[in-house]
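Contents: one structure, followed by commentary.
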Amino acid sequence: MASYRPMTLEVQAFLLCDSVMRDAQTGKAIIHGVFDRIWATNFPAVHKSCAAYFRIRIDDVSRDYKLELVVVTPSGLRQPMPEIPLAVANSLAEGNINIEGLPLPEAGSYEIELRINKSRVARFFLTVLTVGTEEQTHGRSIH
């Protein structure tokens with residue numbers, strides 16, 4: 001009888017940013033414009049383009065893994081994105097998912113879930129505000 005080993009992983013980074021590039025010489029990830037707030041003039045709104053960067057240490061490299069992002073709106077609507085295979089090399093999975101046309105149906109606190117094999121392993125909180133609100137006037141720029 002084969003023994004079952006639970007999936008052991010450690011999320012080292014999970015960020016929402018403008019873009020991620022890879023240095024051709026060093027292989028290092030270059031992460032541009034990390035943010036956690038977006039301002040919109042009206043709703044529903046769409047954020048044209050962004051990326052979710054992740055770096056995960058996974059001990060069991062013998063299994064297949066699928067990665068998925070799920071956007072949870074302030075009212076609780078779950079908007080899953082298509083699952084993708086997760087490549088693990090030397091117990092490390094690192095990469096980014098480009099997000100084109102992120103729907104923002106309402107103002108409030110959004111949750112971006114990082115899921116592996118249907119289990120939530122990390123989450124990132126994104127606040128979406130209306131242009132002209134109090135939060136905008138305290139030195140923060142419009143994203």
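The values are calculated or read from the model by the stated rules, or taken from the named source; none is laboratory data. All of these numbers come straight from a predicted model, not from anything done at the bench. Cβ: placed from backbone, ideal geometry, glycine included. Neighbour counts: every protein chain shown.
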Q) Out of segment 103-119, which residues are within 27 Å of I58 (Cβ to Cβ) and not small (G, A, S)? A) Y110, E111, I112, E113, L114, R115, I116, N117, K118
Q) Could you say whether any residue in segment 37-47 is in contact with a strand residue (DSSP E or B) (Cβ under 9 Å, 6 or more places away or on another chain) and under 25 Å from A89 (Cβ atoms)? A) no
(Q) Going residue by residue through segment 21-28, is there one that turns out to be surrounded by 12 or more Cβ atoms within 10 Å (Cβ to Cβ) and farther than 19 Å from R123 by Cα? (A) yes
Q: Look at R78 and say whether it is surrounded by 15 or more Cβ atoms within 10 Å (Cβ to Cβ), at pLDDT 95 or above, closer than 26 Å to L9 by Cβ and basic (K, R).
A: no
Q. Which of the residues belonging to segment 87-105 are in a loop (DSSP other than H, G, I, E, B) and at pLDDT below 95?
A. A87, V88, N90, S91
Q | Residues within segment 62-75 that are charged (D, E, K, R), at pLDDT 95 or above and surrounded by fewer than 17 Cβ atoms within 10 Å (Cβ to Cβ), tallied | A | 1
